[in-house]
Amino acid sequence: MAAPLLKVQGVSKHFGGFTALSEVSIAIAPGERFGLIGPNGSGKTTLINCISGSLRHDSGSIEFQGEEISGLPAYRRTRKGIARSFQIPRPFRSMSVLENLLVPYEYVVHLKQADAEQQAMEILRRIGLADKAHALANQLSQVELRKLELARAMAAKPRLLISDEAMAGLSGSEVDEVLKILFSLNAEGITIIMIEHIMQAVMRFSQRVVCLDAGKIICEGAPAAIVANPEVQRAYLGA
Amino acid sequence: MVFSFDLLFEALLFGVLLGCFYAAVSIGLSVSFGLLDVPHVAHPAVMVLGSYFTYVLAGYGLDPIVAGVVLMPAFFALGILIYRFYYETFEKRGSEAAVRGLAFFFGLAFIIEVALILGFGVDQRTVHATYIGSSLSLGDYRLPYRMLVAFGVALVLTFSLTIYLSRTFTGRAIKAVAQDEPALRLMGANPVAIKQWAFGIATGVSALAGAMLIIVGPVEPAMDRVYIGRTFCVVVLAGLGSMTGTLAAGLILGIAESIVLMMFGASWAPAVAFGLLLVVLGIRPQGLFGR
Amino acid sequence: MKYWLGAAAVVVIAFLTAISGANEYFFYAAFVVLQFMVLATAWNILGGYAGYVNFGTAAFFAIGSYTAVVLFKWLGAPLAVQIVAASAVSGLLGFGVGLLTLRLRGIFFAIATVAIIFIMETMMMNWRYVGGATGLQLLRPDVLQPFASYTRMLFFVMALLAVIAVSVARYVQVSWIGRGLRAIRDSEEAAECSGVPTLKLKLFACTVSGALMGAAGAPMPMYLSFIEPASSFSLNYSVSALAMPMIGGTVHWLGPVLGALLLGSIQQIVTVTISGEINVLVIGVLLVLFVVFAPDGVLGLFKKLWPRRS
């Protein structure tokens, strides 16, 4: 591919004696819709943590927009354009929904309060949380919290958005809603990595899918091919 | 500053005994903080409480070690109470309560200290036993019997706890709950009950540690403060959750303190633990054997 | 704007009171309460806003006192210079402790602050220039006009410091820094991934907090004409600086102020009518009670009883 947006090469991560990631290499093109699947404990979130900077990988390199980012702390990577949502929502509980979005606006985009509030409301409207804008984050339902996670990541105006199981527990129509948002973000030029267990969402959304198992990539390709792959099926069913 | 190889060797011997004592005193914290992640800064205060109860029981003629053992069940129950309270009030509520949990234990330590002052005064208290006061002579070196007794009890304690954690079902469940709570739940075990049990054991052990404390030297209510340094130093240096590491770390601290004591005198010795702790936190916060 | 008018009014009132004919004991008690107000406010900048508990207030306070002594003894420096120097040194100490431990979990920072007390106290006890363990007597210069006594003058100085401390806390709270600190407190990992430079902000809060604590300590040697380690490093400072914001309320700058007024007054009353030890026990019990039952402090209770319509 022409210069990849994100290049992960030979990344490994160990926790004591346990190997969470083993020589993982991925290249993601600008504007791509990329799916990451794998059974629980396969290392998906660990990989995301290494890319976003929440964890330091032990070996290998990670390049974003041609630049090595391995040594950068997470907040720098966010400022360079990598945003992520958390699998288990981590809202700023003492703040309102709107204020939650103001944090990335202030610290990543550096907008003045008035402009930031306007743009934040735009995002909330787009994602369906506008009526809860002034509610405290700790009053939201699980589903609303997941939407807030996504909204907060969007507020950082990323080049690369990593959505970590944003659709877990959502109803069919809610999944469609979120997919529509992700598609429209992608249409604006944002590269998206989607981690999901909901296979039909991954199939509909991704142009390319990678499957992880026990810290290793076991296959990579078009969604239909991946799902039909016997090794992937074995990984999920556990043999 | 006095220096000679003879003195150095004696300091080393004393340091080994002292180190094992520190390991035994810290092992409860290794479980409650190292494994269970409870910010138990009141651990030394509970131990000092154990010392004072030992003092009271010794006043009735009980040998201090026997008194310590007798206190263990009561302290076990106390531990369960404290953990239950901590869990219901703080741990369940998530990270926003973390500051409050810490403040709670700080307040608890403080209340214990002041209660002891009110009950016993600020003067030092000691106990008497046949092995306190005399020393074993090995050639040119003298090893105080009370240190040897503490050393012996310490080894037994550390050993039994390590075996318990690695060989018995409950023990392994305790180690498991530290590493992978969801998996434990899937196995049908109740993590809260296990943690409660573990905390009870850690507190029960503190009773015996308290008895050793008053055997090794006089105690006073404010002693818990310097022991915060020593116990956390040992636990952090060992690496959170490592029992065998506790022994190694205890030895390192004991020897370091003993040498500083010999070279610079008693006023600098308490600062050694804190200084070592800061160094470890600065260069290798996961400790020697930590995960 | 309203705030600054209020602050100016407080300064003027404090000055007028200081040159009035009020009872000398009032100035003594007010000095102590105001001192706690500075300490509690300083503590809250890191503890309440960012969620990192400092157990070692006494160390930062005492180092401020000792810096003042050194400057006075060595250069005959006036009080204002002593205060600035004390802030600088304690601020540096805060920065150092923070650099060492703020990348780690909160409990390690807390333990490190306990370590600082021990290490600093041991160092001061072994330093003969400042009197070592037995302490040092100081010969103070004549009290500045128009104040009739040191108690009155230092009461005014402490009132000024309190206004400065609260102003700093208020600025941090309402500014973008405050939102960043709150994000850190609520979820540090999410804050970092939202672009907040968590380590830098924590270091900032820690340094400012330490500096203000040092400033509070600087007038003490002039106040007592004496300095010694045992009382300078007293645990009561650490516990009170923690208890007052937790009881008053940690979210807003008013919390530590209320907490200091409330607890400071209780302390004065109990010490005078019952005893010093009971006083310290009362603080500990109140702390635990509030932490368990009223985590949002007195301010939180007010909000519950008189909720504002939004």
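Each value in this text was obtained by applying a stated rule to the coordinates, not by laboratory testing. Just so you know, these numbers come straight off a predicted model, no measurement behind them. Note: ideal-geometry Cβ built from the backbone for every residue, glycine included; neighbour counts use all protein chains shown.
Annotations for the structure displayed:
- Pairs are defined by a Cβ separation below 7 Å, a sequence spacing of at least 6 or placement on different chains, a first member in the range C:182-199 that is more than 7 Å from every other protein chain (Cβ to nearest Cβ), and a second member that is of a type in the set (D, E, K, R) and not in a helix (DSSP H, G or I); the pairs so defined are C:LEU199/C:ARG103.
- Applying the set (1) part of a loop (DSSP other than H, G, I, E, B); (2) surrounded by 22 or more Cβ atoms within 10 Å (Cβ to Cβ) to A:LEU36 leaves exactly one unmet item: (1).
- Of the residues screened, C:ALA294 is not one that is touching a Leu at 6+ places or on another chain (Cβ under 9 Å), surrounded by 21 or more Cβ atoms within 10 Å (Cβ to Cβ) and either over 30 Å from A:SER96 (Cβ atoms) or not hydroxyl-bearing (Ser, Thr, Tyr) (or both).
- Of the helices (runs of 4 or more DSSP H) lying entirely inside the range B:106-194, those containing at least 2 residues that are in contact (Cβ under 8 Å) with a residue 12 or more places away in the chain span B:145-167, B:169-179.
Yes/no per residue for (1) facing chain C (nearest Cβ under 9 Å); (2) in a loop (DSSP other than H, G, I, E, B); (3) crowded, with 22+ Cβ neighbours inside 10 Å; (4) not β-branched (Val, Ile, Thr):
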| residue | (1), (2), (3), (4) |
| --- | --- |
| B:PHE232 | yes, no, yes, yes |
| B:LEU253 | no, no, yes, yes |
| B:SER267 | yes, yes, no, yes |
| B:ALA273 | yes, no, yes, yes |
| B:PRO285 | yes, yes, no, yes |
| B:PHE289 | no, yes, no, yes |
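- Selected residue (only one of C:GLU24, C:GLU121 is under 28 Å from B:HIS43 (Cβ atoms) and over 15 Å from the mean Cα position of the chain (by Cα)): C:GLU121
- Restricting attention to the range B:100-134, the residues being under 15 Å from C:VAL285 (Cα atoms) and among the charged types (D, E, K, R) number 2.
- Residues of the range A:116-151 satisfying the condition of being away from chain C (no Cβ under 14 Å) and in contact with a Phe, Trp or Tyr (Cβ under 9 Å, 6 or more places away or on another chain): A:GLN119
- C:THR113 vs. criteria more than 14 Å from every other protein chain (Cβ to nearest Cβ) and either under 22 Å from C:ALA162 (Cβ atoms) or buried (at least 21 other Cβ atoms within 10 Å of the Cβ) (or both): no
- If the condition is being closer than 21 Å to A:ILE82 by Cβ, surrounded by 14 or more Cβ atoms within 10 Å (Cβ to Cβ) and not acidic (Asp, Glu), then the range A:104-125 contributes A:PRO104, A:TYR105, A:TYR107, A:VAL108, A:VAL109, A:LEU111, A:ALA116, A:GLN119, A:ALA120, A:ILE123.
- Scan of the range C:245-291 for residues that are without any contact (Cβ under 8 Å) to a residue 12 or more places away in the chain and surrounded by 18 or more Cβ atoms within 10 Å (Cβ to Cβ), ordered by number: C:LEU281, C:VAL288
- Checking each residue of the range A:56-78 against the condition of being in contact with a helix residue (DSSP H, G or I) (Cβ under 7 Å, 6 or more places away or on another chain) and within 14 Å of chain B (Cβ to nearest Cβ) gives no match.
- Count of the range B:36-66 residues, restricted to those that are more than 14 Å from every other protein chain (Cβ to nearest Cβ) and in a helix (DSSP H, G or I), is 17.
- Pairs, first of a type in the set (Phe, Trp, Tyr) in the range A:34-47, second surrounded by fewer than 24 Cβ atoms within 10 Å (Cβ to Cβ), C-beta under 6 Å, six or more apart: A:PHE34/A:ILE28; A:PHE34/A:ARG208
Results for (1) more than 9 Å from chain B (Cβ to nearest Cβ); (2) in contact (Cβ under 8 Å) with a residue 24 or more places away in the chain; (3) not charged (D, E, K, R), shown as yes or no for each residue.
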{"position": "C:GLN82", "(1), (2), (3)": "yes, yes, yes"}
{"position": "C:ALA86", "(1), (2), (3)": "yes, yes, yes"}
{"position": "C:LEU104", "(1), (2), (3)": "no, no, yes"}
{"position": "C:TRP127", "(1), (2), (3)": "yes, no, yes"}
{"position": "C:GLY131", "(1), (2), (3)": "yes, yes, yes"}
{"position": "C:LEU136", "(1), (2), (3)": "yes, yes, yes"}
